[in-house]
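Some notes on the structure that comes next.
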Amino acid sequence: MASIEKYSKPEYLEHLDGGARVDAVTAEDVMQVYQSAAREFEAMGAELVSVAKKCEAMAADVRNAICDAAQAYRQEGKKIFGHIEERVLLAQDVRKTCEDVRRRIGVSAAIGSPSSKSGRIDP
């Protein structure tokens, strides 16, 4: 049979005066089972907190990766936008140059050939 001295009872427990020694030992045995279970809860809780912190860190990494991907996507879009804008300006310059050349050729052709009124050069 277990003795009272064998177990260290938690500080929050106190034996009632007048109880039999057997009852005290039984109560402490029961309390030891509960105390052991409580320690298991605490250990499990600490492990759960650790896992939760790892999950939070992973979630933060995922958020950062998503933000980085979105930023890279925006930068790529900005780069493509700039390329398109440059090409549009170049096309406008080419169009204007072509119109100027056509106009000059048309004026030259009209000066050199009185029969050409449309501004086109006849072969």
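Taking only protein heavy atoms and a 1.4 Å probe, the accessible area of the range 54-104 is 61% carbon and sulfur.
Between Ala70 and Phe41, the C-beta separation translates, for a Förster distance of 41 Å, into a calculated FRET efficiency of about 0.45. Its Cα centre serving as origin, the range 42-103 has a Cβ charge dipole (Lys and Arg +1, Asp and Glu -1) of approximately 500 debye.
The values are calculated or read from the model by the stated rules, or taken from the named source; none is laboratory data. In this text the structure is predicted, and so the values were computed from the model without any measurement. Every residue, glycine as well, gets a Cβ built from its backbone with ideal geometry; the counts of neighbours run over all protein chains shown. Only protein heavy atoms, including side chains, enter the accessible area calculation; ligands, DNA and RNA are left aside. Shrake-Rupley method; radii C 1.70, N 1.55, O 1.52, S 1.80 Å.
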